[in-house]
1. Separation of the range 149-226 and the range 99-117 by C-alpha centroid, Å?
2. Once you put a point 7 Å from the Cα of Ala209 and another 7 Å from the Cα of Arg224, both along the Cβ direction, what distance in nm separates them?
3. With the radius of gyration and the Kirkwood radius both derived from the Cα set of the range 61-187, what is their ratio Rg to Rh?
4. Take each of the peptides 95-108, 120-133, average the number of other beta-carbon atoms within 10 Å over its residues, and list them starting from the highest.
5. What length, rounded to one decimal in nm, is gained on full extension from Ala162 through to Gln94, with 0.36 nm per residue of separation minus their alpha-carbon distance?
6. Kindly write out, for the range 79-95 in residue order, the coupling ³J(HN,Hα) from the Karplus curve 6.51 cos²θ - 1.76 cosθ + 1.60 (θ = phi - 60°), rounded to whole Hz, with x marking Gly and Pro.
7. Going 7 Å from the Cα of Leu130 in the Cα-to-Cβ direction, what parts of the range 171-194 have a backbone nitrogen less than 17 Å from that spot?
8. Counting only other residues whose beta carbon sits under 11 Å from that of Ile242, what net charge do I get with K and R as +1, D and E as -1?
Amino acid sequence: MLLHPRQRDVEGVSELGDARVRAPEPLENPTPGGVGQGSEGSVELRLILNHMVQYNAFDWLVNSPALRFLTMIETQSLRLIPYAPEQILALINQPERFEDLAGFPAAPGLRDGFVSDEVSAGWLAELRKLGHPDPWQLGFALLHRDSGSVIGSAGFKGPPDADGVVEVAYGIVPAFQGFGYATEATQALVAFAFANDVVERVRAHTLPAQSASTRVLTKCGFTRVGNVIDPDDGPVWRWERIG
């Protein structure tokens, strides 16, 4: 699958887990260096949001753009947490600061997907302009529940277009490839997209040959609908799933 930033995955498949889109909740007994460790403020925010949900005080946010910036998606093995611009910029320019800003360490290889020559200069320019998390533009960090590290990225190549179409993309670091995490992440992206009433179709592109990416898309309910020419990658297969 061609990623944004563009990189290619090598990933196995697994049975799909149920993806749940919900507000963050506090993690039990956060400990230094463990899952949920971050700034004191971020832990307090999760506690506040949890109480808002518990007492139905979250209803006023349902139609607010702020809601998508507070969204975390959970799958069987992963937590998809929206990237903030400063986290990605730190990963690119000062990787030693990423853990302090994100609250979780980056698995080896995570930075490579953002410093490759294939990363779009236009995307980097937009990244520097953004002042807040935006899943449609920046995507999600893939937090591995067991290791407590960020093992990849997943997201979209922009917000829904005028026809209600979004394109998904993802990447998993080498040490965690082959365990089905790309399938889980793609399932979660599809659930997130179709939770938005504007989205009618989710799209993806792969190189024109059977591969791990094509198996992931098939597993997630996509159908190959044709061949197109990508301006950067040449001939590619187009895949779509209709809501």
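1. Spelled out, the Cα-based centre of one part sits 20 Å from the other.
2. Here the answer is 1.3 nm between the modelled labels.
3. Result for the range 61-187 is an Rg/Rh of 0.94.
4. On the way: 95-108: 17.2, 120-133: 12.8.
In decreasing order of mean packing, 95-108, 120-133 become 95-108, 120-133.
5. Values: separation 68, 0.36 × 68 = 24.48 nm, distance 3.71 nm.
Residue separation times 0.36 nm, minus the Cα-Cα distance, leaves 20.8 nm.
6. The phi angles translate into 10, 9, 10, x, 5, 9, x, 5, 5, 5, 4, 5, 4, 6, 9, 9, x Hz.
7. Answer for this model: 171, 189-190, 192-193.
8. On the way: positive: Arg201, Arg203, Arg241; negative: Glu200, Glu240.
Taking every Cβ under 11 Å from that of Ile242, the sum is +1.
Rule-based calculations on the coordinates, nothing more; no lab input. Everything numeric here is computed off the predicted structure, so don't read it as measured data. All Cβ positions, even for glycine, are placed from backbone atoms using ideal geometry, and neighbour counts span all protein chains on display.
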